[in-house]
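One structure below.
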Amino acid sequence: MILVTGANGHLGGATLAALRAGGASATGGSRTPGEGTRHLDFDDLASLDLTGVTTLVLVSAGYAEDDQVVARHEAVLDAAVRDGVSHVVYTSLTTAGDHLGFAPAHRATERLVRTSGLRWTILRNGLYAELFGGLLTWTGDGVESPFGEGALAAVARKDLADATAIVAADPARHTAKVYDLVGTPITAGQVADALGVPHRTLGLDEYRRRLLDETPGLLPFQPPMLASIATGVRHGFLDGTSPDLADLLGRPPRDPLPAAAAAASAARP
């Protein structure tokens, strides 16, 4: 049986749906389980029961400080070894993202995965097109962003879910493989054009000030994480491409621009 962690999240839920649509024996795990999923809370060691699981899809639990994220991942990997899981598929961060503020937790987890004794596959996921679109801010007559003319090799989340399901359904073919799953480069200006509105570039200092002073609800680790995405895109560190996603899918990836534009549109006041 395949178990997908974070099954109530966007990527985990879409991966589980793709596996089931393909006829795989799969279930999900979540700290808030619903019908057809099991309770699995990385912060509650007693809940980490992976008995009967052959392949574990470990969707990164990245919504925390790095030390907490790595501790969560280590706990579930320890449970996987204890309970006889054969293979772990980890959803990591694109290779080009090494400089991003949240890269260390991913790379530390990759090290844990490689040394766990389990067979493994690492999926280095590009940043979501939906995230890129959602980071554009609406003004009175258009959108603004800190991305300048920089491009992001964005990926539609559904493509990442489909690729993850393909790997998890036949993990033996992908043992000890690292895939760089990035998409087609798009710019904030192109998203604005798709929306039919102008785009204005924010300075990074103004963007950081807004994150710190005008964005309620952000946790302490989030402003530097978001600022690192902004400068990475703006200065051309995240626009590289790779054939890995198309090779896994057996088809061209989806155009990320409509997904980014839809996310930006949904955030319009």
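The values are calculated or read from the model by the stated rules, or taken from the named source; none is laboratory data. Since this is a predicted model, take the numbers as computed values, not measurements. Counting neighbours? That spans all protein chains shown, and the Cβs are built from the backbone with ideal geometry, glycine included. For the accessible areas, the whole protein counts, side chains as well, though only heavy atoms, and no ligand, DNA or RNA atoms are used. Shrake-Rupley method; radii C 1.70, N 1.55, O 1.52, S 1.80 Å.
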Could you check A194 against (1) farther than 16 Å from A154 by Cβ; (2) among the hydrophobic types (A, V, I, L, M, F, W, C); (3) surrounded by fewer than 19 Cβ atoms within 10 Å (Cβ to Cβ) and say which number it fails? (1)
If I go through the range 15-53 residue by residue, how many of them are at pLDDT below 95, among the polar types (S, T, N, Q) and in contact with a strand residue (DSSP E or B) (Cβ under 7 Å, 6 or more places away or on another chain)? 3
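Residue by residue, here is whether (1) surrounded by fewer than 18 Cβ atoms within 10 Å (Cβ to Cβ); (2) more than 20 Å from the chain's Cα centre (by Cα); (3) part of a strand (DSSP E or B) holds:
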site: T15; (1), (2), (3): no, no, no
site: A18; (1), (2), (3): no, no, no
site: T32; (1), (2), (3): yes, no, no
site: L50; (1), (2), (3): no, yes, no
site: L58; (1), (2), (3): no, no, yes
Condition (residue is within 25 Å of A108 (Cβ to Cβ) and touching a residue at least 24 places away in the same chain (Cβ under 8 Å)) applied to the range 18-27: is it met by at least one residue? no
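Where residues in the range 111-126 are under 19 Å from V155 (Cβ atoms) and of a type outside the set (V, I, T), which of them is surrounded by the fewest Cβ atoms within 10 Å (Cβ to Cβ)?
Looking at residues that are under 19 Å from V155 (Cβ atoms) and of a type outside the set (V, I, T), I get R124.
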Matching entry among S92, S86 (being of a type outside the set (A, V, I, L, M, F, W, C), touching a residue at least 24 places away in the same chain (Cβ under 8 Å), closer than 20 Å to T175 by Cα and surrounded by 15 or more Cβ atoms within 10 Å (Cβ to Cβ)): S92
For the range 74-102, give me the residue count where each residue is in contact with a helix residue (DSSP H, G or I) (Cβ under 7 Å, 6 or more places away or on another chain) and either more than 15 Å from G117 (Cβ to Cβ) or at pLDDT below 95 (or both). 10
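Taking into account only those residues within the range 227-257 that are assigned to a helix (DSSP H, G or I) and either touching a Lys or Arg at 6+ places or on another chain (Cβ under 6 Å) or open to solvent by 80 Å² or more (accessible area, probe 1.4 Å) (or both), which is nearest to N125 (Cα to Cα)?
Looking at the filtered set, the residue picked out is D247.
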What pairs come out if I take residues in the range 216-227 that are within 18 Å of H106 (Cα to Cα) and pair them with residues that are open to solvent by less than 70 Å² (accessible area, probe 1.4 Å) and assigned to a loop (DSSP other than H, G, I, E, B) whose C-beta lies under 6 Å away, six or more apart or interchain? P224/G101; M225/G101; M225/F102
How do the strands (runs of 3 or more DSSP E) wholly within the range 116-201 filter down when requiring 1 or more residues that are closer than 30 Å to A7 by Cα and out of contact with any Pro (no Cβ under 7 Å at 6 or more places or on another chain): which remain? 119-125, 177-181, 184-187
Cβ-Cβ distance below 8 Å, separation of 6 or more or different chains: which pairs start in the range 39-52 with a residue that is acidic (D, E) and end on one that is surrounded by fewer than 18 Cβ atoms within 10 Å (Cβ to Cβ)? D41/R31; D41/S47; D43/R31; D44/R31; D49/R38; D49/D83
In the set A194, A163, the lone residue that is closer than 12 Å to L257 by Cα and in contact (Cβ under 8 Å) with a residue 60 or more places away in the chain is A194
Please verify whether R124 is among the basic types (K, R), at pLDDT 95 or above and under 20 Å from D170 (Cβ atoms), treating the condition exactly as stated. yes
